[in-house]
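Read-outs throughout are calculated quantities, based only on the coordinates presented, and are distinct from any laboratory measurement. Owing to the predicted nature of the structure, the values given are computational and were not obtained by experimental measurement. Heads up, the Cβs are rebuilt from the backbone with ideal geometry, glycines too, and the neighbour counts pull from every protein chain shown.
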Ligand code: ADE
């Protein structure tokens, strides 16, 4: 799949999307991630991307023209399944939405900044508004990085151990069971016996029980 990210701060995304699983997925050609500096579509001398809001409120608003030019240019090159705007007032992001996005061919993510974008962008150009939680970030870049990371890592082939993405927390609606590694005994703290038993059916049963117990305890809302 291809993800085009439109931002005023490319450096915030470059680092976050060039390490570990995401780096490998890009190298393997599973995901093409293209980061666009919105200022490249601002054609005044100062490359101005924002302006004062009509109505005289405090703060600045991202202008429509550069965003329109950038999105129109991208849309002339390929079809986009979703044009996403990251904003605290979007729908709440979750694993189900990550799974859905991971099945699409091409998406654009527009990162908001300042007081946000001219509302006409949201009315006429954006197809989906996503929030990563009920708090306000300085800009949408970290949200775009969260969305891109969570989508790319579940593209088949991105994670070496294919089973691993399927056993993530939330994939079956539950939190993941606890995991342990060697040594089996440390500081008098031991790993649950069953995990050392080699009895795969019992291990599986224990993991399912633990997943349910942890979900009941920590995230009962997921069971409703
Ligand atoms: N931009 C600012 N805050 C945000 C949030 N919580 N989610 C997505 N985009 C944002």
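Annotations
- Residues considered: 74, 110, 13. Of these, the only one that is farther than 23 Å from residue 138 by Cβ, in contact (Cβ under 8 Å) with a residue 60 or more places away in the chain and either touching a strand residue (DSSP E or B) at 6+ places or on another chain (Cβ under 9 Å) or in a strand (DSSP E or B) (or both) is 74.
- Annotation: residue 165 fulfils all but one of (1) surrounded by 15 or more Cβ atoms within 10 Å (Cβ to Cβ); (2) within 25 Å of residue 10 (Cβ to Cβ); (3) out of contact with any strand residue (DSSP E or B) (no Cβ under 6 Å at 6 or more places or on another chain); the unmet one is (2).
- Residue match in the stretch 141-155 (condition: out of contact with any helix residue (DSSP H, G or I) (no Cβ under 8 Å at 6 or more places or on another chain) and either farther than 23 Å from residue 7 by Cβ or without any contact (Cβ under 8 Å) to a residue 40 or more places away in the chain (or both)): no
- Residues that are in contact with a helix residue (DSSP H, G or I) (Cβ under 7 Å, 6 or more places away or on another chain) and surrounded by 14 or more Cβ atoms within 10 Å (Cβ to Cβ) within the stretch 195-221 comprise 195, 203, 206, 215, listed in sequence order.
- Qualifying residue in the stretch 30-53 (condition: out of contact with any strand residue (DSSP E or B) (no Cβ under 6 Å at 6 or more places or on another chain), assigned to a loop (DSSP other than H, G, I, E, B), closer than 30 Å to residue 171 by Cβ and touching a residue at least 40 places away in the same chain (Cβ under 8 Å)): yes
- Any hit, the stretch 125-146, residues being closer than 20 Å to residue 8 by Cβ, more than 8 Å from the ligand (Cβ to nearest atom) and part of a loop (DSSP other than H, G, I, E, B): yes
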